[in-house]
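Notes for the one structure printed next.
Values in this text are rule-based calculations from the coordinates and carry no lab data. Remember, predicted model here, so these are calculated numbers, not experimental data. Here Cβ is always computed from backbone atoms with ideal geometry, including for glycine, and neighbour counts include all displayed protein chains.
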There are 2 protein chains.
Amino acid sequence: MTDVVDTTPHPETTALPLVDGEPVELDLDVAALGERLLGRWADDRRASRELMARDEFHRIPGLGMEEHRARVLDQLHRMVEEKAVHRAFPKRFGGQESPGGNLAAFEEVALADPSLQIKSGVQWGLFAAAIMQLGTESHHEKYLPPAMSLELPGAFAMTETGHGSDVASIGTTATYDPETDEFVIHTPFRAAWKDYLGNAALHGRAAVVFAQLITQGVNHGVHAFFVPIRDENGAFLPGVGGEDDGLKGGLNGIDNGRLHFDHVRVPRTDLLDRYGSVEKGGAYSSPIDSPGRRFFTMIGTLVQGRVSLDGAATVMSKAGLAIAIRYASERRQFSDGAGDGETVLLDYQRHQRRLLPALATTYAMSFAHEKLLEQYDGVFSGAHDTDADRQELETLAAALKPFSTWAGLDILQECREACGGAGYLAANRIVQLRPDLDIYATFEGDNNVLLQLVGKRLLSDYARRFKNPDAGAIAGLVAQQVGEVALNRSGLRALGQKVADFGSTARSVGFVRGTDAQRQLLTDRVETMVAELAGRFRDVAKLAPEAAAELFNANQNELIQAAYAHAELLEWEAFTERVEAETHEGTKRVLTWLRDLFGFTLIEKHLAWYLIHGRLSGPRAQAITDYIDDRLLPRLRPYAVDLIDAFGFRPEHLRADIASGAEKARQEESRAYYVAQKAADEAPVMEKSGSKTSRKAATSEAAQPSAKG
Amino acid sequence: MTDVVDTTPHPETTALPLVDGEPVELDLDVAALGERLLGRWADDRRASRELMARDEFHRIPGLGMEEHRARVLDQLHRMVEEKAVHRAFPKRFGGQESPGGNLAAFEEVALADPSLQIKSGVQWGLFAAAIMQLGTESHHEKYLPPAMSLELPGAFAMTETGHGSDVASIGTTATYDPETDEFVIHTPFRAAWKDYLGNAALHGRAAVVFAQLITQGVNHGVHAFFVPIRDENGAFLPGVGGEDDGLKGGLNGIDNGRLHFDHVRVPRTDLLDRYGSVEKGGAYSSPIDSPGRRFFTMIGTLVQGRVSLDGAATVMSKAGLAIAIRYASERRQFSDGAGDGETVLLDYQRHQRRLLPALATTYAMSFAHEKLLEQYDGVFSGAHDTDADRQELETLAAALKPFSTWAGLDILQECREACGGAGYLAANRIVQLRPDLDIYATFEGDNNVLLQLVGKRLLSDYARRFKNPDAGAIAGLVAQQVGEVALNRSGLRALGQKVADFGSTARSVGFVRGTDAQRQLLTDRVETMVAELAGRFRDVAKLAPEAAAELFNANQNELIQAAYAHAELLEWEAFTERVEAETHEGTKRVLTWLRDLFGFTLIEKHLAWYLIHGRLSGPRAQAITDYIDDRLLPRLRPYAVDLIDAFGFRPEHLRADIASGAEKARQEESRAYYVAQKAADEAPVMEKSGSKTSRKAATSEAAQPSAKG
């Protein structure tokens, strides 16, 4: 059977792909694929993994919070000694000025302990990075060396109990006092306590404190200040107070805590003044006139947190899948159909449905993250650092971080359940990872808030695309868009009819299988959703503020869904680019199936949308599910282990008993026992089985699913 | 505007419902609703909650594993003293012979600590219950009193490292030795070690061990034996060995571990012989001839574990929602449209979308669990204990337990994220609950395995419904079914057309809104899925075993989806029954909306299926989403807090700082600060704001979503 559009062969009777009509075992170049997954900063990743393979950096399961915190602090010092944390800093301070390489290495630290990752992120990615990005020469000279060496552990004091994602509304004030040429840092009420700050509960000696800068009676908005908080004995300095946030759902190797300030004075020069400075006497000036743009520029310099969370979520998903797929490829449960053995878990359709789309998603995340890292490196190395580059970077990070952190949580949950009771043991690692990853969904920007940013950006791009974004223009353009959509729809529908006539799944799905069709479907959904929203918002300028806010709120859920659809498209595009660049034939074939699985599961998830909007006919929609179940899963099954091997983890990285081969050894031992018993004619007869036979064979007839205790 | 089918009024311009065209605040009878949620065994639940309100039973966050285990063991002794755990046992031993009341009380124990719940479940719900259900008079006399009093802590040794859900294939043997009139309990290989057993690592002195019973050279299948494992000093008895399972993802107050046996001898009389006994000399007999039926009967006596997990998952979901919705009703973030304050989280559409369907689901779970508990009580009290009753109970438990445990995990995750960083603190409780609940999805029957059982039951019911379930008959009936379906489809389609002509959301959704229409849609989906599967399986008898297994596997995912659809229908029906029985007008109205929200979100989730199968037209499908967003969420919003108040938890049950009113106090304090500052004319001018104004009002213009640090 040939295909309408795509020429990929269809194996009809075997899980193996057909080449020239013959089933073949494709050869996958695992080593080369592994290299591609490591990406441009492969050497930095490898060096970091090498370090993180050492026992000294590993999390010890069950360690109490106090001991865990102390251990992670020690590990931070060891990372300084190993020169593992200075890649991003200026060469004159001993750094490498490699922002991309720095994050790549940093992300892999999650393999040892996500607490270690995030605590080093607090010290060098937030505290020291804020000094570097928001401070100027004198701050760099004075504070970067001790921050880099960990002589000066610091907190990043932005979030308050009362304001998280809405940074602009924080309550802490920094009021300039011309009498003494100082800023007075003050917490006016309980909700303005700084909160959830790593290094605040115990180890921080200083903090970069974000506060409303007030001078000469004017509030110039949020600025950052260098503020010492503890003396050398670890006691709070006068006017500074705080609390321990205590035990958390995970990341308990980090001493998160609260800080508050009672008229604490710092020298005027300890304002980190790259984007706004105050002269002696109190005159304020800034290189950026607009307070709004200034605020977002300052915040934007700290985007690396989001970028690195996207990467770390990807690393953690890879680790979970490497464990669960390895186990599923060895573990046997319930009799197979022939009655002479038990079936390997990964041969069950449901198990494939649970783990293989997760694997495809993780590949997409890995390739998409690589693009994000390139963009980040371009901006922060200065190679590509226009306003547009920065905006693009921020939007990309705001789209990918929600996708990967949510996907990672789902993937690790599925991995845990797929390993059953064994998956729940700390010795098998997965339950050590997921609770840590949990908070990634809401810190460094709550996922829902980030997606709203992306959605607003999509809307404004949509308006800008047509130069004059006034209400009438948008309305006209929406009409145009609808016209275009109608065209697409009838095109697809005509094909759908033809397909229904043939009544073949392979043909029904043929059109959709092509790369262009997947791209069209995913792109069309984003564009149509944005266009629909733009249409609803077109008269928003005419509304009173309250009514406008109400209109916006009534469409909030859809706006977030549109932004998420955009993130899905970005992930798919990154995967596709990588597949198209692949030169090894076998690898390319298998990656194409994996990309198809990713694309198809995205389309399947939103099938109702495609049906309602006339993009897919009923038979074609059904064919997508059938194609996943009948073609893609069986095709990919034989390569599942290769695909996790390509992640390149060593046992020291996974540290999971069930991923060690122990399960296979146990299965073989028990099988050998029954074989030997049968050979020696010592096997008991099964009750009413009629003939003397081995227990296994006979039991298998009765082996139906039932409870475990 | 009137409605086509349903006469519930439509408020078009306000969140308040219209009655006779006027918006009214409905009055919800919270106390009476609370009583209904507590159900038939309200007194037992209240007594248990009273006990669990005490500090001595509360989990201490961050307690090390050893200390947690010791604490929970002490708590178990305290529960004996409080006479809290013997409701299910015979009156002659001091019990109450109230199986339903026992489970109701037991489920509430999760409010204090799920470890306490599950450890008491191991002792009294598995170990002692197995003695009661599988043993006979002499076992009861000898072993029940010390098991009930906890003088004899015991393990339930069913699961092995090599076999979890497939109990029939366990490897442990119990071979009768006529020489000594003893059974020899033996572990033939590593995979046959008993594993994941509560009480096995430390506290158990005995175990009910499941093993293949072999006598006179015949294996009679899995039976249970009473086996002492430790002496009074806690040392293993000769021939018994074991290991600690160590730290787990949760439930670390329980000492799960492994056991193995090296030719351990127990008296013949310690076979728990209700369903199979061995005479002196070795002759085997059983009241149940078929080994398969005997096995399932024995396993079936232990269904209470599943029943109680369904209830406990419901209790834990209620607790999570009580915390997250309370917080969402007080917490404010980002400026409201009018620019004079911040918006309460629960007023955001997205926040409503996250929490209100979860609330509706939890209500469904609560009412469905009550029905399950009634069924369970009927069977185990002997009031309704036919084979059909037992089968019905097992199928119901196998359907509801996967639904509620998975829903519970999703709900607690959503609650955690909805509370942001505060949700991640142990002090706010949610992250203490979810990791414990995690394992509920795979123990006492893996959810996927249970759903397959349900699916098989649905298929065999489908065949049985037509008396002679041979291939031809099924085939003919599938054709009939398809005919019926086609009728339904055209009926709906015609209505869909009419609706499209009017172009009104309210009208489009009108038909679907009615209870009968929701029932029809949900029922139809289950029946059609089962019929489709039955059609594919109709020739299965003609196939070779291998091909039959392959065919089954190729449809495994759909079978599980059909079973899950059945579970959804059961949940919806239970909710609907409760709504229909409601007599208080206001309560009934609000519960109807909540039930609609539950039904609509189910239908929305499967919208693609309804569209592909022609059950809903595109416009009608779109109208369902619009109806949720535009009508149901705004209608239910004002009652969200009442609906969680009806759960009846006290602060001692929730133990979450953010559910204490502290957030509201903080918001009011900060608001008062800005008001006073403005009143005193001390507020700084905002940069470039042009006029002297308060910081809050001016900032709100620039307040766009951005990162938290």
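For the reader, a short list of remarks on this structure follows.
- Separation in nanometres of the label points that stand 7 Å from Cα toward Cβ, at residue A:74 and residue B:92: 6.2
- Centre separation in Å (Cα based) which lies between the range A:285-328 and the range A:127-189: 21
- In this label model, residue B:32 and residue B:181 are separated by 6.6 nm, measuring between points 7 Å along each Cα→Cβ vector.
- What you get for the protein assembly as shown, charging only the Cβ of Lys and Arg (+1) and of Asp and Glu (-1), is a dipole of about 1200 debye around the Cα centre.
- Axial C-alpha extent at least 27 Å, average Kyte-Doolittle at least 0.5 - helices from chain A (DSSP): A:304-328
- Distance violations [Cα-Cα > 32 Å] among A:119/A:605; A:83/B:248; A:542/B:318; B:248/B:401; A:542/B:688: A:119/A:605; A:83/B:248; A:542/B:318
- Formal net charge of residues neighbouring residue B:187 (Cβ-Cβ distance under 13 Å; K, R +1; D, E -1): -1
- Farthest positive-ward along the protein assembly as shown dipole, Cα basis, beta-carbon charges - from A:291, B:545, B:452: B:545
- Here the range A:65-300 has an Rg and Dmax of 17.2, 52 Å, counting Cα atoms alone.
- Shortest-first distances to equivalent copies, position residue A:177, nm, label 7 Å out along Cβ: 8.8
- Likely footprinting exposure, B:48, B:286, A:285, A:381, fewest C-beta neighbours within 10 Å first: A:285, A:381, B:286, B:48
- Across peptide A:627-633, the average count of Cβ atoms from other chains found within 10 Å of a residue's Cβ is 1.
- Surface/4 estimate of mean projected area, convex hull on alpha-carbon atoms of chain B, nm²: 36.6
- Computed over the range A:287-334, Kirkwood Rh from alpha-carbon pairs, angstrom: 14.2
- For the range B:304-645: span of alpha carbons on each principal axis (Å, largest first): 74, 53, 41
- For the peptide A:437-447, the mean number of other protein chain Cβ atoms found within 10 angstrom of a residue's Cβ is 5.
- Label-point spacing at residue A:577 relative to the other copies reads 5.7 nm, in ascending order, each point sitting 7 Å out from Cα along Cα→Cβ.
- Calculated label separations, residue A:77, copies of the chain, 7 Å along the beta-carbon direction, nm: 4.3
- About its Cα centre, chain A has a charge dipole of approximately 960 debye under the convention of +1 per Lys or Arg Cβ and -1 per Asp or Glu Cβ, with nothing else charged.
- Tail beyond 19 Å, pair distance distribution of the range B:194-252 (Cα, percent): 41
- Efficiency of FRET from Cβ geometry, residue A:285 and residue B:387, R₀ 51 Å, rounded to 0.05: 0.05
- For the range A:256-400, the Kirkwood hydrodynamic radius from C-alpha pairs, put into Stokes-Einstein at 20 °C and a viscosity of 1.002 mPa s, yields a diffusion coefficient of 107 µm² per second.
- Dimensions in Å of the protein assembly as shown - Rg and Dmax from alpha carbons: 32.2, 105
- Mean Cα-pair separation over length for chain B, i.e. relative contact order, pairs under 8 Å, 6 or more apart, %: 15
- Of the trypsin sites (Lys or Arg not before Pro) found in the range B:585-688, those that fall in a DSSP loop while having at most 16 other beta-carbon atoms within 10 Å are B:688.
- Test item: A:161-174 mean partner chain Cβ contacts at 10 Å: 6
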